[in-house]
């Protein structure tokens, strides 16, 4: 990635807009969104926009795609087709930030493979809050966020990726988690997609109560926390969860079995079984939150050998941060545990 070239962003929703805001203080950003209203809002808030995505070609060595999941492949395909038509030959890094990876990586890499000089980096920022669309974007959303990195078939040059990671480290205290697509999709089904389904289910349950008007008045902190993610646009929630539907359905079935245990314990004449159920859940959450102090180590490797250096620790739960170039080497911090 030429350090003088702007970074392109296609899709200025909650995540795409937040990324654009985060990096524009460290690198020029050029952005496009198919919605004219979003484009005008972005322009008013200081993001430099282009009228057509093709205008990013030749100006940007890296283009980050953050449209809704169903529009991702078409957005990449159309831009690369325009690149071929214009006979562009300069190297281009395509970055997707999709929330489900197995099928996404196969589809994007299939498109990228037919275009010379184009490589593919797949990331997933584990960040966000209630709300959707550009108006909900905020650089604070990404501050100290963890980003999954998944290997692709047409892998990005390590130096190009590392230059992007260095920018992210400076602007948002970026942490990268190297994962395989299968492990990523299984994990996010439970920690991201399942909570969305549960929040929506609580809303459906509340709406079916005869005493719904009273329940709404009594709903306080626990209900608000449990349903926070249901405040986004329904189409965005559907687009988030649907690509991972097979794994999500299996995890939802597992969760239904857990709920059946809870229901059975409440039908007992004494509270012992229910207490043990609550105790098990509380202990599990406490264990997640009170993990041992992670082991932190500084590391240095040749930039061109970065992927070979980190592939052996993929799926180990190691976080990498504080990326810095020094000549032909890159230094970073690894956090284990």
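Just so you know, all these numbers are worked out from the coordinates, no wet-lab data involved. Predicted model only: the values in this text are computed from it and were never measured. Quick reminder, even Gly has a Cβ in these numbers, built from the backbone with ideal geometry, and neighbours come from all protein chains shown.
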**OP:** Under a 10 Å cutoff between Cα atoms, tell me which one of 264, 61, 232 has the largest fluctuation in the Gaussian network model of the chain.
**Re:** 264
Original post:
Where the convex hull is taken over the Cα atoms of segment 67-191, what is its projected area averaged over directions, in nm²?
Top reply: 8.1 nm²
Original post:
Does a label point 7 Å from the Cα of residue 280, set along Cα-to-beta-carbon, have any residues of segment 246-273 with amide nitrogen under 15 Å, and which are they?
Top reply: 254-268, 272-273
Original post:
Any idea how far apart residue 267 and residue 217 come out in nm if each label point goes 7 Å out from Cα toward Cβ?
Top reply: 3.4 nm
**OP:** Summarise the long-distance tail of P(r) for segment 241-318 by giving the % of C-alpha pairs beyond 16 Å.
**Re:** 73 percent
Subject >> FRET efficiency, residue 116 to residue 28 (Cβ-Cβ, R0 30 Å, nearest 0.05) >> reply: 0.70
Original post:
Which distance in nm do the two modelled labels at residue 153 and residue 126 give, with both placed 7 Å along the Cα-to-Cβ direction?
Top reply: 2.8 nm
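Which shape class applies to segment 131-199: rounded if a/c is under 1.5, otherwise prolate when a/b exceeds b/c and oblate if not, where a ≥ b ≥ c are the square roots of the Cα gyration tensor eigenvalues?
Note, shape of segment 131-199 comes out oblate.
Tell me, Kirkwood radius of segment 1-149 from alpha-carbon pair distances, in Å?
One decimal place: 15.3 Å for the Kirkwood radius.
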**OP:** Would you mind computing Rg(Cα) / (2.2 N^0.38 Å) for the chain, counting N as its residues?
**Re:** 1.09
Original post:
Using a Gaussian network model of the chain with C-alpha springs under 10 Å, which one of 179, 56, 217 is most mobile by mean-square fluctuation?
Top reply: 217
**OP:** Tell me the label-point distance for the pair residue 258, residue 146, using the 7 Å Cα-to-Cβ offset, in nm and rounded to one decimal.
**Re:** 1.7 nm
**OP:** Would you mind telling me which residue in 89, 200, 268 has the biggest mean-square fluctuation in a Gaussian network model of the chain, where springs connect alpha carbons within a distance under 10 angstrom?
**Re:** 268
Original post:
Given R₀ = 30 Å, FRET efficiency for residue 84-residue 231 by Cβ-Cβ distance, to 0.05?
Top reply: 0.10
Original post:
So what's the back-of-envelope 222 nm ellipticity for the chain, counting only DSSP H runs of four-plus at -39500 (n - 2.57) apiece and dividing by all residues, rounded to 500?
Top reply: -13500 deg cm²/dmol
Subject >> Computed over the chain: relative contact order in percent, which uses C-alpha pairs under 8 Å that are six or more apart >> reply: 17 percent
Subject >> Computed E for residue 103/residue 36 - FRET, C-beta separation, R0 35 angstrom, nearest 0.05 >> reply: 0.70
Subject >> Net length gained if the chain between residue 305 and residue 51 were fully extended (0.36 nm per residue, minus Cα distance) >> reply: 87.6 nm
**OP:** Report the percentage of all Cα-Cα pairs in segment 183-289 whose separation exceeds 17 Å, rounded to a whole percent.
**Re:** 66 percent
Original post:
Which ordering of 304, 96 is given by a fewest-first count of other beta-carbon atoms within 10 Å?
Top reply: 304, 96
**OP:** Of the DSSP beta bridges with both residues in the chain, give the percent that are antiparallel, rounding to the nearest 5.
**Re:** 45 percent
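Which order do the peptides 104-113, 33-42 come out in when sorted by mean C-beta neighbours inside 10 angstrom, highest first?
Ranked from most to least packed, the peptides come out as 104-113, 33-42.
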